[in-house]
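**Q** One structure, pasted below without further comment.
The values are calculated or read from the model by the stated rules, or taken from the named source; none is laboratory data. Just so you know, these numbers come straight off a predicted model, no measurement behind them. Ideal geometry is used to build each Cβ from the backbone, glycine not excepted, and the neighbour counts take in all protein chains shown.
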Amino acid sequence: MDAELIDRLKQLFNYDTDTGLFKRKVSRGNAKEGTVVGRPDTKGYLRVCVDGKDYRLHRLAWLMTYGDWPEDQIDHINGDKTDNRISNLRECNCSENCLNQHGARKNNKLGLQGVHQIGKSRFRATFRSKHIGVFRDMQEAHKAYMEAKIASYVN
């Protein structure tokens with residue numbers, strides 16, 4: 001199955017490992033030969049439809065480069081979900097992928113990762129659901145979170 005898909009992908013696209021771009025080898029409908037493929041999905045990843053099936057381009061980049069599907073997740077090292085250079089992609093588990101989150105979640109009212117307000121002027125820092133501390137300054141709480149995050153990379 002993988003070999004057949006790889007062959008099909010090589011018929012349809014050129015993948016440049018240095019730029020991360022997929023370009024059409026053949027014209028199809030309004031899409032002309034040489035045009036860059038990929039449309040963003042709701043999460044910001046680039047997707048393409050191949051023979052009626054939708055794929056995320058970073059997973060296809062991995063497949064075309066290494067010859068098989070990743071066993072788990074693919075992380076964009078620099079946090080840019082559209083940067084599919086093979087040097088920017090790494091295989092990882094869910095926990096490792098979450099560590100590379102580059103910004104606060106959309107529902108985070110403070111805009112700082114790992115920091116939640118408690119009361120009017122206190123801020124709690126947590127990392128991986130573990131309590132780090134309570135601080136009077138939200139920047140200090142965020143600093144403590146980042147130190148815990150960095151320490152987890154080292155250990």
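**Q** Of the conditions (1) outside any loop (DSSP other than H, G, I, E, B); (2) assigned by TED's automatic domain parsing to the domain that holds Y66; (3) modelled with pLDDT under 85, G79 satisfies every one except a single condition; which number is it?
**A** Checking G79 against (1) outside any loop (DSSP other than H, G, I, E, B); (2) assigned by TED's automatic domain parsing to the domain that holds Y66; (3) modelled with pLDDT under 85, the one that fails is (1).
For every residue, the table says whether it meets (1) surrounded by 15 or more Cβ atoms within 10 Å (Cβ to Cβ); (2) out of contact with any strand residue (DSSP E or B) (no Cβ under 6 Å at 6 or more places or on another chain); (3) not assigned by TED's automatic domain parsing to the domain that holds K23; (4) not acidic (D, E).
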residue	(1), (2), (3), (4)
D54	no, no, no, no
L57	yes, no, no, yes
L60	yes, yes, no, yes
D68	no, yes, no, no
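**Q** Mind counting the residues in region 1-39 that are free of Cβ contacts under 8 Å to residues at least 24 places away in the same chain, in a loop (DSSP other than H, G, I, E, B) and touching an Asp or Glu at 6+ places or on another chain (Cβ under 8 Å)?
**A** 3
**Q** Quick one: which residue in T65, T42 is hydroxyl-bearing (S, T, Y) and assigned to a helix (DSSP H, G or I)? Steps first, answer last, please.
**A** Values: T42 fails: assigned to a helix (DSSP H, G or I).
Step by step, each of T65, T42 is checked, and only T65 is hydroxyl-bearing (S, T, Y) and assigned to a helix (DSSP H, G or I).
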